[in-house]
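Okay, so here's the structure we're looking at.
No lab work stands behind these numbers, since they all come straight from the coordinates. Being a predicted model, the structure only gives us computed values, none of them experimental. Cβ sites come from the backbone with ideal geometry, for glycine too, and all protein chains shown count toward neighbours.
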Amino acid sequence: MTLIDLANPSKFLALTARALPWLAGATAILLLVGCYQAAMAPDDYQQGATVKIMFIHVPNAWLSMFVWGVMSVAALGTLVWRHPLADVAAKAAAPIGAAFTFLALVTGSLWGRPMWGTYWEWDARLTSVLVLFLMYLGLMALWRAVEDPSRAARAAAVLTLVGAINLPIIKFSVDWWNTLHQPSSVLRMGGPSLDKAFLIPLLVMAVGFSLLFMTLHLAAMRNEILRRRVRSLQMMQASQQAA
Amino acid sequence: MTALAALIRRDIKIALRVGGGALIGVLFFLTVTVLMPFAIGPDLPLLARLGPAILWLGALLASLLTLDRLFTADHEDGSLDVIVMGRTPLELACAAKALAHWLAAGVPLIAATPVLGLLLNLDAAATSAVALTMLVGTPALTFTGMIGAALAVTLHRGGLLLAVLVLPLSIPVLIFGVAASQAAITGPLSFGTPFSILCALSLVSFVVGPFAAAASLRHGLD
């Protein structure tokens with residue numbers, strides 16, 4: 001089974017139909033175990049119970065960047081290898097990535113309120129995640145601007161790759177900008193490195209969320225393929241009626 | 001080489017003639033800067049402090065507005081198809097078009113900066129610092145913005161979509177442009193560090209911009 005075999009949408013649909021229940025089950029088990037472990041984890045000596053937001057927040061933040069990486073690979077698939085499912089993968093990933101980024105921002109903001117006393121701080125990390133969110137939204141706007149999916153796919157692929165080059169530059173500039181404006185940051189998350197009692201639930205949650213992404217992504221790709229089939233059937237029907 | 005020179009000369013000529021619209025960018029820049037004191041208040045020390053930021057924002061928005069026309073006019077009259085199919089590498093042609101656009105629309109913005117600095121209560125040293133950072137920074141805006149312009153023309157959409165796609169990409173230029181100007185005016189940081197990073201951003205955009213724009217034109221036009 002290679003990537004080329006998956007180029008046939010019917011084969012892809014058949015394979016994912018078998019794989020999806022297992023993936024969904026594994027996701028549910030891992031997330032349940034992770035939530036249980038997170039709930040059982042001891043309170044932090046400084047942050048109290050609010051440290052448990054971390055178990056949701058950190059996996060979301062990781063995935064917000066990981067999904068852009070997935071889309072960049074898919075963009076290469078569209079532009080270089082012309083893989084027929086690459087643009088489906090890229091299109092399906094964008095809203096999911098935006099959702100993870102949004103959740104990272106919201107949970108971070110809810111965590112910040114009791115810890116830093118404010119919902120929003122122009123901290124370097126927060127700001128660069130916010131810019132990432134804006135870029136996800138711009139990409140989704142690009143997908144929605146054009147009806148023809150293959151035309152939109154190539155434009156979105158170019159933008160995704162440009163974003164992949166620019167995002168580290170933006171991250172670096174924002175870091176630099178913040179140290180300039182705000183030398184002593186209250187937001188530094190330094191302190192002692194993570195204890196095992198926190199690390200294990202966090203890793204379980206991270207794997208769980210990654211599986212959740214895979215499940216949602218494959219399901220969204222299936223929906224996109226079916227949507228395109230419905231659209232082409234409708235077009236055929238319309239042209240038959242016209243003839 | 002002659003083909004590229006001819007392309008640059010033609011683009012500048014079109015931009016400066018009736019219907020070109022390059023100089024409207026300067027007018028927009030002037031208007032935005034004049035609007036700022038109405039929003040902030042006629043407080044001269046405050047205006048002097050915000051001056052570099054206001055000028056950079058105005059230049060960013062002005063260059064964004066003129067970018068819309070970079071490929072659209074050529075697409076409408078068909079000359080873009082000739083450029084795409086021509087023997088000159090499309091990447092070089094894109095770079096030439098961006099250079100012409102910067103000469104016609106970007107340089108007037110820099111030339112207008114001293115006058116606008118006067119309105120914002122900036123002294124000569126501050127104004128020249130802002131103008132110098134713009135001289136090395138605005139090419140980056142044009143060359144990154146060109147990617148957005150190429151995407152917009154292949155999708156037959158422009159305006160707001162272009163702005164939404166290009167503005168996040170121009171954050172680094174804005175940060176280091178304003179930082180270098182501020183460093184020159186008030187310190188305490190050295191002017192050299194942000195200024196060299198600004199130069200580096202421009203150089204990176206010279207490499208990335210033409211390739212991305214050419215890829216998008218090649219894949220997008222039918």
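With the convex hull built on the Cα atoms of the protein assembly as shown, state its orientation-averaged projected area in nm².
Average of the hull's projected areas for the protein assembly as shown equals 27.6 nm².
Could you tell me which of the pairs A:91/A:171; A:91/B:13; A:11/A:52 are separated by over 30 angstrom between their Cα atoms in the structure shown?
Flagged as over cut-off: A:91/B:13; A:11/A:52.
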Worksheet item: Can you give the convex hull volume of the alpha carbon atoms of segment B:103-211 per residue, in Å³?
Response: 102 Å³
Worksheet item: Peptide A:156-167: average number of partner chain Cβ atoms within 10 Å per residue?
Response: 5
Worksheet entry | Inter-label distance for residue A:113 and residue B:124, nm, one decimal - labels placed 7 Å from Cα along Cα-to-Cβ | 5.5 nm
Worksheet item: Where the convex hull is taken over the Cα atoms of chain A, what is its projected area averaged over directions, in nm²?
Response: 16.0 nm²
Worksheet item: Whole-Hz Karplus ³J(HN,Hα) for segment A:148-157, in order, using 6.51 cos²θ - 1.76 cosθ + 1.60 and θ = phi - 60°, x for Gly and Pro?
Response: 6, x, 5, 5, 5, 4, 5, 5, 5, 5
Practice prompt. Calculate one ³J(HN,Hα) per residue across segment A:25-34 by plugging θ = phi - 60° into the Karplus curve 6.51 cos²θ - 1.76 cosθ + 1.60, and present them in order as whole Hz with x for glycine and proline.
Written response: x, 4, 4, 4, 4, 4, 5, 5, 4, x
Practice prompt. Would you mind working out the magnitude of the charge dipole of segment B:2-220 relative to its Cα centre, with +1 at each Lys and Arg C-beta and -1 at each Asp and Glu C-beta, to the nearest 20 Debye?
Written response: 260 debye
Worksheet item: What nm distance separates the two modelled labels at residue A:165 and residue A:242, each placed 7 Å from Cα along Cα→Cβ?
Response: 4.0 nm
Worksheet item: Pulled fully out, how much extra length does the chain show between residue B:17 and residue B:82, if you take 0.36 nm times their separation in residues and subtract their Cα-Cα distance?
Response: 21.2 nm
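Hey, any idea what Rg/Rh is for segment B:2-220, computing Rh the Kirkwood way over Cα pairs?
On the way: Rg = 17.5 Å, Rh = 17.7 Å.
Here Rg/Rh amounts to 0.99.
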Practice prompt. Taking chain A as the reference, fit the longest principal axis to its C-alpha atoms, fit the long axis of helix A:124-145 to the helix C-alpha atoms, and give the angle between the two in degrees, 0 to 90, nearest 10.
Written response: 10 degrees
Item to complete: Compare B:177, B:137, B:192 in a GNM of chain B, Cα atoms joined below 10 Å, and give the one with the largest fluctuation.
Response: B:192
Worksheet item: What does the charge dipole of the protein assembly as shown about its Cα centre add up to, to the nearest 20 debye, if the Cβ of each Lys and Arg holds +1 and the Cβ of each Asp and Glu holds -1?
Response: 900 debye
Worksheet item: If each of residue B:92 and residue A:231 carries a label point 7 Å out from its Cα toward its Cβ, how far apart are those two points in nm?
Response: 3.9 nm
Item to complete: Have a look at B:182, B:101, B:135 and report the one farthest towards the positive end of the charge dipole of segment B:2-220, computed about the Cα centre with Cβ charges (Lys/Arg +1, Asp/Glu -1).
Response: B:101
Response to the item:
What one gets for segment B:135-188 as the Kirkwood radius, inverse of mean 1/r over different Cα pairs in Å, is 12.3 Å
Discussion item. Let me confirm one metric for peptide A:122-134, namely the mean number of other chain beta-carbon atoms within 10 Å of its residues' beta-carbons.
Written reply: 1
Response to the item:
Listed by chain and number, the residues whose amide H is under 5 Å from that of residue B:191, excluding neighbours fewer than 5 places away on the same chain and using placed H, are none
Worksheet item: Between residue A:175 and residue B:207, what FRET efficiency comes out of the Förster formula 1/(1 + (r/R0)^6) with R0 = 30 Å and r the beta carbon distance, rounded to 0.05?
Response: 0.85
